[in-house]
Structure formats: structure tokens, C-alpha cells
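Written out below as C-alpha cells is the structure these notes cover.
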Amino acid sequence: MRDCETFEDNADMAAVGPALLRAARRAREIARQTGTPLVIVRDGVLMEVDPDDSSLDDETRPSDTIHDR
């Protein structure tokens, strides 16, 4: 059995966070261009939000808001 690696020790895993942020920004940009809402899960509730909703500006969420299933 391998010792546990941290994200910083694994280049692929370290790149996941920045890649997700880029994808989120791109999705928001496309939603603006097409006039469609973004579909997100907030506090366990599936909802549609305007891509210009200021609550989306907080791109750094505390780690305790991320839950594995």
C-alpha cells in the first residue's frame, strides 16, 4: 500500500483546482453570451442563477462546503 500523497505532491491533482475555476469562468461566459442561467447546487439545493449574480464572484469556497458522496 502506498503512503498517502497530498495534492501538492501530485502534479495532476494540483492542477484540478485551477482547471475547475477555468471551467466555471467559461461556463459563466457562455451563459452570458446565450442569455441562459447557470445551474448550480448551493447548500444542497439545485438552482438556476443569473450568470451576473454577485454571489458567484466568491470563487474560493471554504473546504468544509465541499462534500464527497
- Once both label points are put 7 Å beyond Cα along the C-beta direction, the Leu46-Ala24 separation in nm becomes 2.0
- Figure the gain on full extension for Arg32 and Asp57 (residue separation times 0.36 nm, minus the Cα-Cα span) and round it to one decimal in nm. 7.6 nm
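Rule-based calculations on the coordinates, nothing more; no lab input. All values reported here derive from a predicted model rather than from experimental measurement. Heads up, the Cβs are rebuilt from the backbone with ideal geometry, glycines too, and the neighbour counts pull from every protein chain shown.
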